[in-house]
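The values are calculated or read from the model by the stated rules, or taken from the named source; none is laboratory data. Computed from a predicted model, the values in this text were never measured in an experiment. Cβ placement follows ideal geometry from the backbone for every residue including glycine, while neighbour counts extend to all protein chains displayed. Areas reflect the complete protein model, heavy atoms only, side chains present, ligands, DNA and RNA absent. Shrake-Rupley method; radii C 1.70, N 1.55, O 1.52, S 1.80 Å.
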Amino acid sequence: MTSLWQDLRYGLRMLGKNPGFTVIAILTLALGIGATTTIFSVIDCVLLSPYPYKNADRLASFSVFSAEQIRAWRYPLAAFLDFKEQNHTFEDMIGLVYRDVRYTGSEGTDQFFGGWVTPDTLEILGIKPLLGRPITREDAKPDAPPVFLMSYRLWTKRFNRDPRILGTTQTLNATPTTLVGIMPPRFQFGDCEAWMPIGLSRTTFLPGHGIQPNEVWAVGHLKPGVSPQTAAADLEAIAKRLENAFPIYFPPRFKLLVNTFNDDRVGADFKITLFVLMAAVTMLLLIACSNVANLLLARATTREKEIAIRASMGATRGRLISQVLVESFSLASVSCALGSLVAYLGLKAIVAVIPPDTIPSEASITLSPAASLFSLGATALTAVICGLAPALHSVRRDLQTALTSTGKGASADFRHGKLRFFLVIAEVALSIVLLVGSGLMMRSLLALENVDIGFDPTKVLYAGLSLPEGQYDTAEQKKLLFRKVLDQVALIPGVIAAAETTFSPPYTWGWTTVAVLGKTPPQNRNTASIMCTEGYFQTLEKHLLRGRVLSQHDIDAARHVVVVNQTFAREHFSDEDAIGQKIRFSDFETLADWPHDPYFEIIGVIGDAKNHGLQEPPRPEVYLPATLTGAAPRGIMVRTSVDPNLVLESIRRDVFAVDPNIALADAGTIESVLKHSYYAGPQFILATLGAIAIIGLLLVVAGVFSVMAYTVSLQTHEIGIRMALGAQQNDVMYMVLKKGLALILTGTIAGLVASLAVTRLMASLIWGVSTTDPWTFSAVAAVIPAVGLTACLFPARRATEVDPLVSLHYE
């Protein structure tokens, strides 16, 4: 212990004598450790422990997949109760029934996501309210007064965290309901904003609705030691007995899968993104370690005589290695503290750019204890990596040669430089991989942002209308309501066009089967269907190819006419003219108010627009009069000449004036949908991976510069002799640049080869460009040598300024 303390004091003293070296080494390691700790913190908080619930690692739900891979994850009440009562693999099971909740206040009606939960939900999840009390079994009795729990997010957004709201009566779904508790920030069970109690039994009816809950989401804790596969087999046996009773939920040849929360709540692409980023910061840490190892190697070479003197006085090799490692650990420890600050700031930045709806809402991304332990582990690893090579180098020198050497570092030859050169090559190769990955993501994002979506999304907004239950149920009632709303909206300053519609692009959820008169009906449901009013085509500026679009007369009379897109016409009619052809919608014929004459005449063909996301080609699409049925959910779409967000508040007021019980839902611009749903993911990985690549490139430049500068300092005597014998300055510069360029080109080739293999792992994240895109590889292959050569220029110019007389006299 005494010797360790002595080594520590001596090491700190020596580091203090070289402040420039110490500061550069600490900053370099801090960047590597900080970046690595940042990404590990995200992985820990998002993938490993995102939930604040009790025994969250055993919390699971289950899904049924049909032979066509159609997924069902909510089940009829009777099926849920059978699962709950008859299973042998879950120690408990709770149920949640989703329902939209309309909150009516003095300023209008808002809609948010809510759910009725079994009264033991909080107890099973191990969560207590932040304020107030939990819901109890008494609250779930049929004759109990209505109560609810409010999310922290809703409390903040609507009530500015006012604690006096607790115990007050709020109007939810037109029912006075008492607020009994406010939940902690991380309680977001089911992504709901409010939770109401319900006691599930085979005679249960939803409070205020008079209907049985027909879709219950089941969640439970697996028994200790039970695997998801075992639980799936157990539940599948129960589900087999329910096939006849519920064929829609349990179709022939179905497969039941159990997924833990940790596995099921984060998308596969985002998981890959995090693993790619972890690999990237690991490369960055290796680059940082290589830089510091090079600095320590250079420092060890200049300290050869000091180490030789200590060895001649009796210091053992173990003691000498210990001394160098202690200095390395000292550097890494200070770097760890600074790296933690880098990680803290990095987490603030990375949380701000994580795409919405990609991680569990319960996840809280912080510097967790696991991340701190990881940081300490990374510190120890970097200490060993950075210190071991120079420590071994220090004790390999011949003692007599080191003692008799007179020049500073003169005893170092190219045998000792081989490791330094190898580290530079490794740095360049790793930087190439990072830059290629960033370049591919940039090309992918540009390709995505330049997709022709088939219409101009600028200044177009969509707002769904949540209607009170029991009102506006018929097609006629909806027609009168929306005509009033659209007439009011058309008067708002800045509104160019407005229409009623069931869906907004670029993704249509209403997929159906369309049969053409006289032709064999298709078996797949691959046609997008939109019910709209006449202003829809003007609002989106759809391009008419043939025929005409829907008119106001078509809408008011609910005529049996339809407009189709170009893909529909091509797939169903090939070279025939689609105008005048007749089609039917068998899926819609099950609706009670659907027309008895099922055939619709095609009156127009419009240009294609994206309707299945940006990355998929347009699918067949049809546009029908919105007045044909009252069954479909509705919203309005508006094109403006001003900022659509300014118009949105005016729309909210106009809707409130028509009926205070109507709420706007999922309101926003088409541009914001594109940004958040399609561009945000690629932008996130580009921003993070790009930042890592830029830091890596800067470290490579510093590494190349330091190695070449040190190499020039070792060759001062040789350069002096060459110049004394007649060598010109250009010859000396060429000699230095040649050596540096050889290292950079070798690293570039190695990096490009490695990139060909590594970028294949990013294939699912890249779109519109090949993982071996020649433009990206060529650009990176050109940038690295140019930047590296620039880093070599300064040491090369320094070499040309060597005075032969001074150099030879010094040596």
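Values as computed for the structure displayed
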| quantity | calculated |
| --- | --- |
| Of all residues making up the stretch 59-77, the number that are more than 29 Å from the chain's Cα centre (by Cα), hydrophobic (A, V, I, L, M, F, W, C) and either assigned to a strand (DSSP E or B) or loosely packed, with under 15 Cβ neighbours inside 10 Å (or both) | 1 |
| Residue list for the stretch 548-589, filter: under 40 Å from the mean Cα position of the chain (by Cα) and polar (S, T, N, Q) | 565, 566, 567, 586 |
| Yes/no for residue 199 being out of contact with any Phe, Trp or Tyr (no Cβ under 8 Å at 6 or more places or on another chain), more than 26 Å from residue 661 (Cβ to Cβ) and either outside any strand (DSSP E or B) or not polar (S, T, N, Q) (or both) | yes |
| Flag for residue 92 being of a type in the set (D, E, K, R), open to solvent by 20 Å² or more (accessible area, probe 1.4 Å) and at pLDDT 85 or above | yes |
| Residue 421 being open to solvent by less than 40 Å² (accessible area, probe 1.4 Å) and at pLDDT 85 or above | no |
| One residue from 158, 153, 186, 164 being in a loop (DSSP other than H, G, I, E, B) and not aliphatic (A, V, I, L, M) | 186 |
| Among (1) closer than 25 Å to residue 325 by Cα; (2) at pLDDT 85 or above; (3) of a type in the set (Gly, Ala, Ser) - the single one residue 431 does not satisfy | (1) |
| Every residue from the stretch 440-453 that is open to solvent by less than 20 Å² (accessible area, probe 1.4 Å) and not in a loop (DSSP other than H, G, I, E, B) | 440, 441, 444, 445, 448 |
| Positions within the stretch 266-282 being open to solvent by 50 Å² or more (accessible area, probe 1.4 Å) and over 12 Å from the mean Cα position of the chain (by Cα), in sequence order | 282 |
| Residue list for the stretch 666-690, filter: open to solvent by less than 50 Å² (accessible area, probe 1.4 Å) and either in contact with a strand residue (DSSP E or B) (Cβ under 8 Å, 6 or more places away or on another chain) or of a type in the set (A, V, I, L, M) (or both) | 667, 668, 669, 670, 674, 680, 685, 686, 689 |
| Hits in the stretch 503-534 - residues which are open to solvent by 10 Å² or more (accessible area, probe 1.4 Å), part of a loop (DSSP other than H, G, I, E, B), touching a residue at least 12 places away in the same chain (Cβ under 8 Å) and within 18 Å of residue 589 (Cα to Cα) | 510, 513, 517, 521, 525, 526 |
| Filtered residues of the stretch 551-581 (kept if of a type outside the set (A, V, I, L, M, F, W, C), in contact with a strand residue (DSSP E or B) (Cβ under 8 Å, 6 or more places away or on another chain), closer than 15 Å to residue 479 by Cα and open to solvent by 10 Å² or more (accessible area, probe 1.4 Å)) | 559 |
| Within the stretch 160-182, tally of residues that are at pLDDT 90 or above and farther than 20 Å from residue 364 by Cα | 16 |
| Hey, residue 30 outside any strand (DSSP E or B), open to solvent by less than 20 Å² (accessible area, probe 1.4 Å), over 21 Å from residue 194 (Cα atoms) and of a type outside the set (Phe, Trp, Tyr) or not | yes |
| Test for residue 479: is it farther than 22 Å from residue 667 by Cα, among the basic types (Lys, Arg) and in contact with a helix residue (DSSP H, G or I) (Cβ under 9 Å, 6 or more places away or on another chain) | no |
| In the stretch 584-608, the residues that are closer than 18 Å to residue 632 by Cβ and either surrounded by 12 or more Cβ atoms within 10 Å (Cβ to Cβ) or of a type in the set (S, T, N, Q) (or both) | 584, 585, 586, 587, 588, 590, 591, 593, 594, 595, 598, 600 |
| Strands (runs of 3 or more DSSP E) enclosed by the stretch 602-707 - at least 3 residues per element that are in contact (Cβ under 8 Å) with a residue 24 or more places away in the chain and β-branched (Val, Ile, Thr) | 635-640 |
| Lone unmet requirement of (1) in contact with an Asp or Glu (Cβ under 7 Å, 6 or more places away or on another chain); (2) open to solvent by less than 40 Å² (accessible area, probe 1.4 Å) for residue 39 | (1) |
| Residue satisfying condition, being hydroxyl-bearing (Ser, Thr, Tyr) and modelled with pLDDT of 90 or more, within set 536, 507 | 536 |
| Pairs where the first residue, in the stretch 761-775, is closer than 15 Å to residue 681 by Cβ and the second is of a type outside the set (Val, Ile, Thr) and part of a loop (DSSP other than H, G, I, E, B), C-beta under 9 Å, 6+ apart | 766/773; 767/614; 767/615; 768/450; 768/615 |
| Per-region count, the stretch 489-543, residues out of contact with any strand residue (DSSP E or B) (no Cβ under 9 Å at 6 or more places or on another chain) and among the basic types (Lys, Arg) | 1 |
| Condition met for residue 185 (surrounded by fewer than 21 Cβ atoms within 10 Å (Cβ to Cβ), at pLDDT 90 or above and within 28 Å of residue 50 (Cα to Cα)) | yes |
| The stretch 454-501, residues that are of a type in the set (Val, Ile, Thr) and either crowded, with 19+ Cβ neighbours inside 10 Å or modelled with pLDDT of 90 or more (or both) | 460, 485, 489, 492, 495, 496, 501 |
